[in-house]
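Data first, discussion second: the structure below is written as C-alpha cells.
The values are calculated or read from the model by the stated rules, or taken from the named source; none is laboratory data. None of the values given here were measured: they were computed from a predicted structure. With ideal geometry, Cβ positions are generated from the backbone for all residues, glycine too; neighbour counts draw on all protein chains shown.
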Amino acid sequence: MSMKIEVQPLPESARKPKPTDEKALGFGKHFSDRMFIMEYESGQWRNPRIQPYAPLTLSPAAMCLHYAQEIFEGMKAYWTADGRVTLFRPQMNIARMNRSAELLQMPQVDPDLFLEALQQLVRLERDWIPRTEGCSLYIRPTMIATDPFLGVRPSETYIFYIIVGPVGAYYPRGFVPVSIMVSEKYVRAVRGGIGSCKAAANYAASLAGQVEAKKAGFDQVLWLDGVHRKYVEEVGTMNMLFVLDDTVVTAPLDGGTILPGVTRDSVLKLLRDVYKVKVEERPLPIDEVIDGAKTGRLKEAFGSGTAAIITAVSEIGYRGQRHKVGDGGVGRLTQRLYDDLVGIQYGKKPDPFEWVVRVYPE
Ligand SMILES: Cc1ncc(COP(=O)(O)O)c(C=O)c1O
C-alpha cells in the first residue's frame, strides 16, 4: 500500500451520544463520530485520513449534483459471539465499487488502501457497533464527482469517503415474509446501461416503481427486464431467488442489468457446494413464476441482500392479482440460508469459505 492514512484527533465536542435503545435503531439513521475521506485531483488520490464526521463543502455546481456521477457501496461490521469485530467478504464490495467506478468513468481506489481504510475506521468506531445479535454497523463507502462545472463529461476531481453507523436487526420480532409487486409500467435498468453498478442514479430510477408498489399494498417492487418486459430481475435492494420444484432459479449476471450481490454469491455457493441443491442462473420468465405459484411448483421465493440478509417472499402481485408463494410462510431453504449466513457472520457457525475478515483485535 502506497499511502499512509492519517488519523486526526477526535475532540470531545465531536463525540455524539450513542443510541441506547438497540431495538429502536432502525436503518440508516445514526452515524458515528468519525469518517474516512480523501480527495482526487491531478490524476491521484491525496490526503487519506480519518477525521471527525462532518458536513462536506461542495460547490453548488459540483458535477455529482447535476449529472449523478456518484457511486457507493453497502456492507456491515459485526461483533461476533466470541468478542471479535469482523467484516463479511469486504474484497467483493471493494471490487464491485471499482467496477462501478470504471463504468461511470470515475477513478479506481487501490484495493489495499480501501481495505485498510475500512479496517482502521471500523476498529476506531467499534464502540458504535451494537452488541445485540442481529444488529451491526452499516458501512457506506461513497464516491462523488466534485468539479464545479456544468456540462456533461467525466469530472476531474472526486471525493471518496466512508461513513458508518449502527443499524438494528431487520427482523426484531422474527422472520417476517414480505409481499412484492411486479412493475409493468417502470423499469430499473436496461442492457448496456448501469444496472450492474451501485450508482445513485439507479436508486432514483427505482423510486416511482417502489411508490407504485406501496400504493397497491405491497412491500416492494419486483423488476422485469427492460427489453422484453418478461424476465424477472431483482427486487428493491435485493437479488431474487425462486425455488421451483427442487431447483433454485435466479437471474444471470451477464445481462449487466442487475447488481451482482455479495449475498447472492454467498447463497449460491452454500446451495451448490454445501447443500448440494440444483441451481440455475438463467432468464426466468415471470409467467413461469406465476404459473408455478398456481400449480404448486413454486415452493419458495426469497431475496438476498446485505441489509436483511435473506427475506422470505410470501406473495407476488402481477396484473392486479395476488399469488401466494408456497404456503405463504417461510420456506425450508429460505430459513436454512438465513440461519447459516447469520451464523457465519456472527461467528456462531463454521466459515467454510473463509468469508469473515477480522478487524479487531488486530
Ligand atoms: C439493487 C440491488 N440489488 C441487489 C442488492 C444486494 O447486494 P448485496 O448482497 O451485495 O448487498 C442490493 C444491495 O446492495 C441492491 O441495491
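Cβ-Cβ distance below 7 Å, separation of 6 or more or different chains: which pairs start in the range 189-210 with a residue that is assigned by TED's automatic domain parsing to the domain that holds Pro252 and end on one that is among the acidic types (Asp, Glu) and within 12 Å of the ligand (Cβ to nearest atom)? Between residues of the range 189-210 that are assigned by TED's automatic domain parsing to the domain that holds Pro252 and residues that are among the acidic types (Asp, Glu) and within 12 Å of the ligand (Cβ to nearest atom), the close pairs are Lys198/Glu73. Exactly one residue among Ala61, Ala68 is surrounded by 14 or more Cβ atoms within 10 Å (Cβ to Cβ) and at pLDDT 95 or above, and that residue is Ala68. Of all residues in the range 133-146, which are assigned to a loop (DSSP other than H, G, I, E, B) and touching a Pro at 6+ places or on another chain (Cβ under 9 Å)? Across the range 133-146, the qualifying residues are Gly134, Cys135. The C-beta contact set for the range 4-26 (first residue surrounded by 14 or more Cβ atoms within 10 Å (Cβ to Cβ), second residue of a type in the set (Val, Ile, Thr), distance under 7 angstrom, 6+ apart or interchain) comprises Ile5/Ile50; Val7/Ile50; Glu22/Thr132; Leu25/Val167. Counting residues in the range 85-96 that are surrounded by 16 or more Cβ atoms within 10 Å (Cβ to Cβ), more than 21 Å from Glu156 (Cα to Cα) and more than 16 Å from the ligand (Cβ to nearest atom) gives one or more. Pairing residues of the range 328-343 that are within 14 Å of Phe242 (Cα to Cα) with residues that are assigned to a helix (DSSP H, G or I), at Cβ distances under 7 Å and at least 6 apart in sequence or on separate chains, gives Leu337/Val267; Leu337/Leu270.
Which one of the conditions (1) assigned to a loop (DSSP other than H, G, I, E, B); (2) surrounded by fewer than 16 Cβ atoms within 10 Å (Cβ to Cβ); (3) touching a Ser or Thr at 6+ places or on another chain (Cβ under 7 Å) does Gly347 fail to meet, given that it meets all the rest? Gly347 satisfies every listed condition except (2).
Restricted to the range 294-334, the set of strands (runs of 3 or more DSSP E) holding at least 3 residues that are within 16 Å of the ligand (Cβ to nearest atom) and either surrounded by 24 or more Cβ atoms within 10 Å (Cβ to Cβ) or not assigned by TED's automatic domain parsing to the domain that holds Lys76 (or both) comprises 298-305, 309-318.
For the range 204-258, the set of residues classified as within 14 Å of the ligand (Cβ to nearest atom), within 13 Å of Ser183 (Cβ to Cβ) and surrounded by fewer than 16 Cβ atoms within 10 Å (Cβ to Cβ) consists of Leu207 only.
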